[in-house]
Structure formats: structure tokens, C-alpha cells
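These notes concern the structure reproduced below.
The values are calculated or read from the model by the stated rules, or taken from the named source; none is laboratory data. Remember, it's a predicted structure, so these values are computed and weren't measured experimentally. Quick reminder, even Gly has a Cβ in these numbers, built from the backbone with ideal geometry, and neighbours come from all protein chains shown. All accessible areas refer to the heavy atoms of the entire protein, side chains included, with ligands and DNA or RNA removed. Shrake-Rupley method; radii C 1.70, N 1.55, O 1.52, S 1.80 Å.
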Amino acid sequence: MRTLLALSTLPREGPSVRPRVLAYEPALAREGIRLVFRPFLTSRGFAGFYSTRAADRARKAARAALGYAVRAVVLARVSRADGVLVHREIVPRGNRIAFRALRAAGRGVAFDLDDATWLPPRAFVAPGDLSRRRMSRLKDPREVDALLAGADLVL
């Protein structure tokens, strides 16, 4: 059986993951392809991701650190898959580095772009909004250009 590794920053609870990735699992299985879904955030991590409480900052940072550690292991083992589907992004920040690691495995990569991830957060967050500065920190919208240019297939 062949394997398609699906990478997403969002877990199963992410609204776009279900129709854009998981909905294809039965059809892939009928074709002899096993879908292996590996999100960056766990379900628990996603549940508190949008919290703005100061008390949740350390928890969010710990969950993000765990996500990066797990993603590094997944990228190190990507050669075990026959192909890779990237839904939105590989990681929240640092996609160029992650993509180079992904391509080094020599597997075909499909990039699924379903959202305006290429827009910097400052383009859609109101001026003066506290989250505007936080969301923009270390975010490089040009990362999407690198993903688009390096993918074998773009959806």
C-alpha cells in the first residue's frame, strides 16, 4: 500500500482540514493509498490557540515548541511516504527551512492553498489592534511564494 503524508498546521478540528484533506481518505484508500495525517497542533493545542489571556501564553508557547519538535521528527522520516500533501503551511513560522527539509527527501509534494495565507496579518487586522503586532511577529508572507514555487502540484 502506498502512503500519502498530509501535513497541516491545524488538527482535525480545523475547519478547512476536514473538506480539504480528510474527506479524501476513503477515496484514497479505495485506490490503495493510506493517508497519514500529521498536524502541527494537537487537538488540545488548537482548543486554546486563540485565547488572548495572559495566563495562556506559556501554555501556547509550550504547545508550539512541542509542535516544532514533532514536526522535525516527521520531516526526518518523510522519505517513508510516497508523496506529501501540505495543507496551508508546514509550520506556523519557518516554512522555507521546513520545505527544504521536505524536498530533501525527494518525494512529490502537493501544496493545498485554501486561505489567504500569503497576506501578512497586518493586511487584515485593524490598525491599533493588539493582535496585529503579535500576529505579524516573525511572519513572512513570502514563504507562501517559496512553497508555491517548490511544489510539484498546487491546489
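Summary of computed values
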{"quantity": "Residue that is surrounded by the most Cβ atoms within 10 Å (Cβ to Cβ) [pool: residues in the stretch 38-67 that are closer than 19 Å to Gly94 by Cβ, without any contact (Cβ under 8 Å) to a residue 24 or more places away in the chain and not basic (Lys, Arg)]", "calculated": "Phe49"}
{"quantity": "Residues (under 20 Å from Val144 (Cβ atoms) and basic (Lys, Arg)) located in the stretch 54-106", "calculated": "Arg71, Arg88, Arg93, Arg96, Arg100, Arg103"}
{"quantity": "Given (1) open to solvent by 30 Å² or more (accessible area, probe 1.4 Å); (2) farther than 21 Å from Ala151 by Cα, index of the condition Tyr24 fails", "calculated": "(2)"}
